[in-house]
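Undergrad: First the structure, then my questions, so here it is.
The values are calculated or read from the model by the stated rules, or taken from the named source; none is laboratory data. Since this is a predicted model, take the numbers as computed values, not measurements. Cβ coordinates were reconstructed from backbone atoms using ideal geometry, including for glycine residues, and neighbour counts include every protein chain displayed. Each accessible area value is taken on the protein alone, full model and side chains, heavy atoms only, with ligands, DNA and RNA left out. Shrake-Rupley method; radii C 1.70, N 1.55, O 1.52, S 1.80 Å.
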Amino acid sequence: MDKKTERVLNIYNRLLDGEMINKTEEAQRFCVDARTIQRDIEDIRMYFASNYESERELIYDRTMNRYLLVHNQTGCLTNAEVMTICKILLESRSLKREEMYRIIDKLIVCSSPMENKDKLKKLISNEKYHYLELHHKSALIEKIWSIGNAVYENRLMKIRYKKLKQTNQVMRMIQPVGIMFSEYYFYLTAYMCESEENPDIPKRPFPTIYRIDRIEEYEILEQRFQIPYRDRFEEGEFRKRVQFMFGGELKTIHFRYKGLSIEAVLDRLPTAQVINHDENGWEISAEVYGEGIDMWIRSQGNYIELI
């Protein structure tokens, strides 16, 4: 190994270890001119600039008169972004305590800049300490990833599912088409197969919704199912039309809203269209799946009048 390569690698490794480099000190260390060290530093800087996956940047700190490596802000979450994500995650209560803490701790480690990590920890420490996990206490992260792969690869699944308010469990062969989150829980949307002999034929023209924590057992089969491109499932579009994750046929509802905040209605029903607005309120039409919409309408009391 020649002297230049050895010198550059030495500086490079010390930068990776978090050491700050002074050009004059390095020139004395290696018995070379300061301009030689400057060229070495520029080579290292160009390497990090061209290697986007490293997510690091070599900068010069004028106050300390030294070079150091920092996380590239475009490839690293800021403290504000991490705090926002942590608040959303903790409020969702969607994971076991161990899984939630592991994600939160990793997010804080990945935040930038370094000097604000302790402040970030303190800002969420109380909410983290009082985190209340859901009653099912099921580990979900690996299950969600595994099922997500089945969705991605269009693989048939067999599941043993615990239905709501029923002690018995049912066996299903399904075509998994999407994973969604709503109201504390993760859900799998899937088409039930007509039979094991005809797995490509859906039993119903609309998907069934399964809470993932209630899937007691599952098997991902080698066999793939086929869905024509025109009929492909789109989670975003389905999410706009389903309330409280109660599936069912697609239908159109027509009602008058007499409350104070039309924005709350439009946010709750993304497909809603205002047909008319007068002193009696807003006349609304919206496409929805299933019976979940009935729960929302009842919750609005006299503010909603069905047409």
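Undergrad: Taking loop as defined by DSSP and a crowding limit of 16 other beta carbons within 10 Å, which trypsin sites (Lys or Arg not before Pro) in segment 256-307 fit?
TA: Filter output for segment 256-307: K258.
Undergrad: Would you kindly derive the ³J(HN,Hα) couplings of segment 176-185 from the backbone phi angles with the Karplus curve 6.51 cos²θ - 1.76 cosθ + 1.60 (θ = phi - 60°), listing them in order in whole Hz, with x for Gly and Pro?
TA: Working through the residues one at a time gives x, 10, x, 10, 9, 10, 6, 6, 5, 10 Hz.
Undergrad: Can you list the DSSP H helices in the chain whose Cα atoms extend at least 15 Å along the helix axis and whose mean Kyte-Doolittle hydropathy is -1.0 or higher?
TA: Details: long enough: 3-16 (20 Å, -0.66); 34-50 (24 Å, -0.50); 79-92 (20 Å, 0.79); 97-109 (18 Å, -0.10); 117-129 (17 Å, -1.54); 141-152 (16 Å, 0.43).
Span-like helices in the chain: 3-16, 34-50, 79-92, 97-109, 141-152.
Undergrad: Tell me the net charge near Q223. Cut-off is 13 Å between Cβ atoms, Q223 excluded, with +1 for each Lys or Arg and -1 for each Asp or Glu.
TA: Result for the local shell: -3.
Undergrad: On average, how much accessible surface per residue is there in segment 76-174, in Å², for a 1.4 Å probe, leaving out ligands, DNA and RNA?
TA: That works out to 62 Å² per residue.
Undergrad: In the structure displayed, which of K106/K163; K122/K143; K119/K143; K96/K165 lie more than 29 Å apart, Cα to Cα?
TA: Listed pairs above 29 Å: K106/K163; K122/K143; K119/K143.
Undergrad: Go ahead and estimate [θ] at 222 nm for the chain from helices alone: -39,500 (n - 2.57) per DSSP H run with n ≥ 4, summed, over the residue count, rounded to 500.
TA: Working: 10 runs with 112 residues, N = 307.
Helices in the chain give a 222 nm mean residue ellipticity of -11000 deg cm²/dmol.
Undergrad: Going by Cα centres, segment 1-63 and segment 177-198 are how many Å apart?
TA: Value for the Cα centre distance between the two parts: 53 Å.
Undergrad: Semi-axes of the chain's equivalent ellipsoid from the Cα gyration tensor, sqrt of 5 times each eigenvalue, largest first, rounded to whole Å?
TA: 53, 27, 20
Undergrad: Using a simple charge model, +1 on the beta-carbon of Lys and Arg, -1 on the beta-carbon of Asp and Glu, nothing else, what dipole does the chain show about its Cα centre, in debye to the nearest 20?
TA: Roughly 660 debye for the chain.
Undergrad: Oh, and also: Pop out the carbon and sulfur fraction of the accessible area of segment 149-224 as a percent, whole number, probe 1.4 Å.
TA: 44
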